[in-house]
Amino acid sequence: MPRIFDNIEPDQILLDELKESLQEAYRADFCVGYFNLRGWRAIANDIEGWDLASGGVVRVIVGMQPRPEEVFRQAMSQLKRDDGIDSATALRLKRKLAEEFRNQLTIGAPTNADEAALRQLARQLKEGKVVVKLYLKSNLHAKLYLLHQNDRRSPIVGFVGSSNLTMAGLSSQGELNVEVLDNDAAAKLSRWFNDRWDDRWSLDISQELISIINESWARSSPISPYHIYIKMAYHLSQEARTGISEFKIPKDLASILFDYQKAAVQVAAHHLHRRHGVLIGDVWRGQR
């Protein structure tokens, strides 16, 4: 009978079994709908001892998942959906999903453990011990973990279910995953994975992830105080820039105002629109 891992009972935590299986494995294939970069620390150390020269690699496919409103809109549409894709569309999707990975690192307070794990992931990506691809051909919700072992009786151990590659999905969030030990079933799952890995529209994003980590707060080299100052100034001035770009000055008023006064009116209009009030101040130049 296959075992079930739902992360509810203490003996049914997928992460615990996955880590134990990784100790016996020499390579692994994961296909998930969502990959949390910070969640990689759950298994990062378990692959450190793998021999890259002997194929000790973790291959990760991240599927493309539409938002719930997109799924509903497609279901209600009277038009036949075209799943075709071209190079320009693939490049646009790759950039979009890469940006979503970047946005992950802006959520929540960073910890020392997160920083160390992200640097470890960047190094493993650079070494080629971890390779990540985006599957862009169509929407893919699959969650599959395959561990390849030097065991003649059980060369592949699989887990199929609902857990994404996140700390919560692997250990705490209620999920439903089934262990696959049958050789024929595991071999078929491996062929399924390889078909998608080798697909033309499965694009390697490993270098982009290295850049995202190296440009984030987890970077190994410190950021200069000047760049921190510039970024703070950029964000603090964002509302002013928004007001200047969104609001126009009437012609009769524009003719009697200086440029800095026009900008002040536009910024004030933005605050009025957003907060329903604005306080205007100016220096007083009294006569001597």
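The values are calculated or read from the model by the stated rules, or taken from the named source; none is laboratory data. From a predicted model like this one, the values you see are computed outputs, not experimental measurements. Positions of Cβ are generated from backbone atoms using ideal geometry, with glycine treated the same way; all protein chains shown enter the neighbour counts.
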Quiz item: Is it fair to say Asp182 is assigned by TED's automatic domain parsing to the domain that holds Ala122, without any contact (Cβ under 8 Å) to a residue 40 or more places away in the chain and farther than 30 Å from Ser87 by Cα?
Solution: yes
Quiz prompt | Of the criteria (1) loosely packed, with under 13 Cβ neighbours inside 10 Å; (2) in contact with a helix residue (DSSP H, G or I) (Cβ under 9 Å, 6 or more places away or on another chain), which one Thr242 fails | solution = (1)
Self-check item: Subset of segment 118-161 that is at pLDDT 95 or above and assigned to a loop (DSSP other than H, G, I, E, B) - its residue that is surrounded by the fewest Cβ atoms within 10 Å (Cβ to Cβ)
Solution: Gly128
Quiz item: Can you spot a residue in segment 250-263 that is at pLDDT 90 or above, in a helix (DSSP H, G or I) and either aliphatic (A, V, I, L, M) or touching a strand residue (DSSP E or B) at 6+ places or on another chain (Cβ under 7 Å) (or both)?
Solution: no
Self-check item: Answer residue from segment 5-23, given it is loosely packed, with under 15 Cβ neighbours inside 10 Å and under 14 Å from Glu175 (Cβ atoms) and is nearest to the chain's Cα centre (by Cα) among those
Solution: Ile8
Quiz item: Within the set of pairs 6 or more residues apart or between chains, which connect a residue that is under 13 Å from Leu147 (Cα atoms) inside segment 1-19 to a residue that is crowded, with 16+ Cβ neighbours inside 10 Å and of a type in the set (Phe, Trp, Tyr) with Cβ atoms less than 8 Å apart?
Solution: Glu17/Phe5; Glu17/Phe159; Leu18/Tyr145; Leu18/Phe159
Quiz item: So, in segment 24-42, of the ones that are at pLDDT 95 or above and over 26 Å from Ser138 (Cα atoms), which residue ends up nearest to the chain's Cα centre (by Cα)?
Solution: Arg27
Quiz prompt | Pair list, Cβ < 8 Å and 6+ apart or interchain, from segment 49-63 residues that are on the phi > 0 side of the Ramachandran plot to residues that are part of a strand (DSSP E or B) | solution = Gly55/Tyr26; Gly55/Arg27
Quiz item: When you look at Ile223, is it touching a residue at least 24 places away in the same chain (Cβ under 8 Å), aliphatic (A, V, I, L, M) and either touching a Cys at 6+ places or on another chain (Cβ under 9 Å) or within 30 Å of Ala116 (Cβ to Cβ) (or both), yes or no?
Solution: no
Practice problem: Go through the residues of segment 27-38 one by one and say whether even a single one is part of a helix (DSSP H, G or I), of a type in the set (Asp, Glu) and either touching a Cys at 6+ places or on another chain (Cβ under 6 Å) or assigned by TED's automatic domain parsing to the domain that holds Ala116 (or both). | Solution: no
Quiz item: Of the numbered conditions (1) loosely packed, with under 14 Cβ neighbours inside 10 Å; (2) among the aliphatic types (A, V, I, L, M); (3) part of a helix (DSSP H, G or I), Ala186 satisfies every one except a single condition; which is it?
Solution: (1)
Quiz item: Taking segment 165-182 on its own, how many of its residues are surrounded by 21 or more Cβ atoms within 10 Å (Cβ to Cβ) and of a type in the set (Asp, Glu)?
Solution: 1
Quiz item: Ser77 passes all but one of (1) closer than 30 Å to Gln23 by Cα; (2) hydroxyl-bearing (Ser, Thr, Tyr); (3) modelled with pLDDT under 85; which number fails?
Solution: (1)
